[in-house]
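Presented below is the structure to which this report refers.
The values are calculated or read from the model by the stated rules, or taken from the named source; none is laboratory data. For clarity, every value in this text was computed on a predicted model and none was experimentally measured. Here the Cβ positions follow ideal geometry from the backbone for every residue, glycine too, while neighbour counts run over all protein chains shown. Accessible surface is based on the protein model in full, side chains and every heavy atom, while ligands, DNA and RNA are left aside. Shrake-Rupley method; radii C 1.70, N 1.55, O 1.52, S 1.80 Å.
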Amino acid sequence: MLREALEDARFYATHKAQYDANGVRQLSLHRAGLEALVPVVRGEQPLVVWAERASDIEAALRLADDLKLKLVLEGGGEAWMMAEEIAHHKVPVVIDPLEDLPSRFDRLHARSDNAALLSQAGVRVVLSTFASHQARLLWQRAGNAVRLGMDHEAAIRAVTEAPADAFGLKGYGRLEKGAVGNVVVWSGDPLQAGTHVEHVFVRGREESLETRQSLLLQRYRTLPFAHDGSR
């Protein structure tokens, strides 16, 4: 079904006039879906495929080869079993290093050192929580990846330059001349749980670290005593 949708999008991209005149065969997707896939089949945007099982990962690699697509794999519970093939195809893999249990039939071979094995094989690993409300815990995920065998510098890259490269965000994820000035200054190793943020710069301008939570903390840190000695 995915192959058919992509091939239809490629056909649509070169036959838009005929499509508008209702002069082509019926395609598998509506116009909005076809339009969304046009940049993918042209190689302008990556195709993100969620695949856990090794055989599904192999099929996704073959599909990308056949259709000359930029591919990004997500999930990757059994990606370590395909590490050499993924590295050969230079396909990034987005994984949660703490998703290491065989919780479904397509993850029967999941293991805790998945990120480490992929990185050691030369795969560009991107670490994620796969939940926007858990993004604040990303650095803890990276720290756990190191605990489970991933190289420390590789883990840092997996939450900075690797995602920027995987999704074509030029100027992000690196500290270099001409890059976007988004910088976080930590009190120590950012992958240590006890480390805290000291400064945040967004596009070169320092941002306040004051939040609603910190304001509430200051407001209620010291409560006045009542006449009966209670608070």
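Tabulated values for the structure
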| quantity | calculated |
| --- | --- |
| Selection within the stretch 181-231 - part of a loop (DSSP other than H, G, I, E, B), within 27 Å of Val146 (Cα to Cα) and at pLDDT 90 or above | Gly181, Asn182, Ser187, Gly188, Asp189, Pro190, Leu191, Gln192, Gly194, Thr195, His196 |
| Selection count where residues are closer than 26 Å to Asn144 by Cβ and not acidic (Asp, Glu), scope the stretch 44-89 | 19 |
| Every residue from the stretch 107-142 that is open to solvent by 20 Å² or more (accessible area, probe 1.4 Å), of a type outside the set (A, V, I, L, M, F, W, C) and assigned to a helix (DSSP H, G or I) | Ser119, Gln120, Ser132, His133, Gln134, Arg136, Gln140, Arg141 |
| The stretch 97-145, subset among the acidic types (Asp, Glu) and at pLDDT below 95, residue farthest from Val197 (Cα to Cα) | Asp106 |
| Matching residues, the stretch 4-33, being part of a helix (DSSP H, G or I) and open to solvent by 60 Å² or more (accessible area, probe 1.4 Å) | Glu4, Glu7, Arg10, Thr14, Lys16, Ala17, Gln18, Asp20, Arg31, Ala32 |
| Residue, farthest from Asp165 (Cα to Cα), within the stretch 86-106, restricted to residues that are open to solvent by less than 50 Å² (accessible area, probe 1.4 Å) and either assigned to a loop (DSSP other than H, G, I, E, B) or in contact with a Lys or Arg (Cβ under 6 Å, 6 or more places away or on another chain) (or both) | Asp106 |
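A quick yes/no check of all residues on (1) on the phi < 0 side of the Ramachandran plot; (2) without any contact (Cβ under 8 Å) to a residue 40 or more places away in the chain:
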| site | (1), (2) |
| --- | --- |
| His89 | yes, yes |
| Leu101 | yes, yes |
| Leu118 | yes, no |
| Gly178 | no, yes |
